[in-house]
Amino acid sequence: MLRAASRLSSHRAARAILTESSSTSSASALLFSKSAPLTSTSSSTAVIRSFSTLHDISAVDITSDSRIYAGDVPLPLTTDCTIFEADDVPTGKYPVFRVMDENGVIRDSSKGPEYIDPNLTEEHAVKMFRTMARLNVMDNIFLNAQRQGRISFYMSSQGEEAVHIGSASALDNKDVIFAQYRETGVLMWRGFTMSQFADQCFSNSGDLGKGRQMPVHYGSRALNFHTISSPLTTQLPQAAGSAYAMKMEALRNGKDRAEGVTVCYFGDGAASEGDFHAAMNIAATMNCPIIFFCRNNGFAISTPVADQYRGDGIASRAKGYGMASIRVDGNDLFAVNAATARAKELALSENRPVLIETMSYRVGHHSTSDDSTRYRSTEEIKKWDTEDNPIDRFRRYCETRGWLDEETVQTIRDEEKINVLQALESAEKKGPPELSTMFDDVYKEKTPELERQEAKLLEHVAKYPERYSGPI
Ligand SMILES: Cc1ncc(C[n+]2csc(CCOP(=O)(O)OP(=O)(O)O)c2C)c(N)n1
Ligand SMILES: [Mg+2]
C-alpha cells in the first residue's frame, strides 16, 4: 500500500515545480518563500533575548551573555568545548558551547584547534556550505513535490542543517550511524546521491529499500547508515548494541579501540521514551564507544519541550547514568563539529559513551502531515529563520574569509536546484520495483509461509491482469 501511495507520480505538475523553484535568492528567502504556508495570526513570541542575570555557572568560562533556546529558558554561553564528566558537571544550567555568534563572528579568536581547525581550507568550507545549501534546496523542492501529489510524504530539516553537516564532517564512513528521520544531511555528507534520495521518496525500482518504506526512511549499507524506522527511539538500544559489538570485535582482534564510533541521533521527544533510559544505562554500564546525539529542536510534533521535561534539557541527564556530556549551539557548524570530534575521540580512546545535546529550532513543519502554525506563531518561526539561520551564519563566516560572496552563493544554489530537479524528474520516470521483491530480505531465506503468500499473490495478479500494472 505504501508503494502505491508513494507512486502518485504523474507528470501533471512537473513543469509547475520547475518554474516555481527557479527564482530564489538568499537561504532565508528560499526557506520562507518555499516552506509550507505560514498563515497563523497568533501573537509574536520573542525567542532571542539578552539576559543580564546569569545562572550560577562558575564551573565554566562564560564570556559575556546567555540566550534563550528551546523551552524558553535562558542558557549561559561558553567558548569552552568542555565535555563534562558525570562527577564534575556545572552547577546551575548546562552552558551552551558556541564558536560563532549569529553573525558568523568568532567569539574567541585566541582558542586552539578544538575550536576551529587551523587547517580548514576554503575547499572544505565551501563543500560544507554547498551541502547545507543542497539539503535546503532539496527540502524545499521535495516539499513542493509532496504538495503536488507527486510523493506521498516528506520531512524537512530546515533550521537544523548545521547540526547535520557539523557533526557528519567530524566523522568518517567507518563510524556507524543510527538516525531518527531528520538527519538527511548526515547521509548526504556521506555521499548518498540526489538520485538515491529521490528514488527512495518515489519508492521506485532504483530505491535501495525496494519501495517498502515510507519516504525519508533512508538507509545505506555502503555508507554505514542503518535504515530509519518510524517507531521513536528504537534506534537507541540497537545503537548501544552495535557499539558494544564493535568494541568486542576490536578486543577479539587484539585492538584496544573499535574501528569506528557509533553515533545515534534522536530528538528531544524521543528522549521521553523508555528505550532512552534502557539504551543510556546499558551503554554506560557496558562501556560502549557511542555518541548519543540529541537534536533538541524545541518540539516533538506539537509538544514543546516545556511540556516534555522539567529538568535542564537532555544533557543534564548524563550525570545520572555516569556518562560524559556536552551541550552545543546547534546553529553553529563549528561548535557542533568540534564537540563531535572531541566526543568521538573520547568514546573511542576510553571505550565509553558521550551524550551531546544540540540546541536549535525546527523551522519547518514536523512533516507534510503537520501545520505547525496551529501551535506556534509565524513570528516565532520567522524570527529564528531570519535572526539565527545556521546556513546564513556559516555563509557570513565564509564571506569574511573571502571564500564566498553573493554571486558564488547564488551559483551554488542554482546548480543544486538543477541537480535536485533532474533527480526528481528522473525518479518519477522510473517504474516501481518488481512486485515479488516485497517478500525479499525479511528472512535470509524465505519461510514456507512467505513462499505461500508470494505464490498466492502472483496467482491473484495473473488472474486479474486488467487490474494490475507494473513489473511482477
Ligand atoms: C513510539 C512512537 N510514539 C509516537 C510516535 C509519533 N511521533 C512521530 S515523530 C514524533 C515526535 C518526535 O519528536 P522529536 O524526537 O523531538 O524529533 P523531531 O521530530 O523534533 O525531529 C512523534 C511523537 C512514533 N513515531 N513512535
Ligand atoms: Mg524535537
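Throughout, read-outs are computed from the coordinates displayed, never taken from laboratory work. Being a predicted model, the structure only gives us computed values, none of them experimental. Here Cβ is always computed from backbone atoms with ideal geometry, including for glycine, and neighbour counts include all displayed protein chains.
For the pair GLU466 and THR193 in one chain, pulling the backbone fully straight at 0.36 nm per residue adds 94.7 nm over the alpha carbon distance.
Taking each of LYS344/LYS417; LYS247/LYS444; LYS111/LYS383; LYS93/LYS383; LYS174/LYS319; LYS174/LYS383 in turn, the alpha-carbon distance tops 32 angstrom for LYS344/LYS417; LYS174/LYS383.
Annotation: extensible slack from GLU415 through TYR443 equals 5.9 nm (criterion: 0.36 nm per residue apart, minus Cα-Cα distance). Using C-alpha pairs under 8 Å with a sequence gap of at least 6, the mean separation divided by the residue count of the chain gives a relative contact order of 23 percent. Against the chain, whose longest principal axis is taken from its Cα atoms, helix 235-252 shows a tilt of about 80°. With a sphere of radius 11 Å drawn around the Cβ of PHE84, what net charge do the other residues whose Cβ falls strictly inside it have (Lys, Arg +1; Asp, Glu -1)? The answer is -2. Packing order of peptides 440-449, 453-462, 149-158, 70-79, highest average first: 149-158, 70-79, 453-462, 440-449 (average count of other Cβ atoms within 10 Å over each peptide's residues).
Over the chain, the alpha carbon radius of gyration divided by the compact-protein estimate 2.2 N^0.38 Å works out to 0.99. Tell me, what is the FRET efficiency for SER230 and GLU345 to the nearest 0.05, using R0 = 25 angstrom and their Cβ-Cβ distance as r? Computed FRET efficiency for SER230 and GLU345 comes out at 0.15. Evaluating 6.51 cos²θ - 1.76 cosθ + 1.60 at θ = phi - 60° for every residue in the range 177-187, the Karplus couplings come out as 9, 10, 10, 8, 5, 9, 9, 3, x, 5, 5 Hz, glycine and proline recorded as x.
Treating each Cα of the range 269-402 as one equal point scatterer and applying the Debye formula with no solvent, the log10 of I(q)/I(0) at q = 0.18 Å⁻¹ comes out as -1.06. Estimated from the Cβ-Cβ distance and a Förster radius of 51 angstrom, the FRET efficiency linking GLU114 and LYS429 is about 0.60. Taking 0.36 nm per residue of separation and subtracting the Cα-Cα distance, full extension of the segment from SER369 to VAL105 would add 91.3 nm.
Only Cα pairs under 8 Å and at least 6 apart count here; give the relative contact order of the range 195-296 as a rounded whole percent. Result for the range 195-296 is 23 percent.
With a ≥ b ≥ c the root eigenvalues of the C-alpha gyration tensor of the range 370-462, is it rounded (a/c under 1.5), prolate (a/b larger than b/c) or oblate? Because a/c hits 1.5 or more and a/b exceeds b/c, the range 370-462 counts as prolate.
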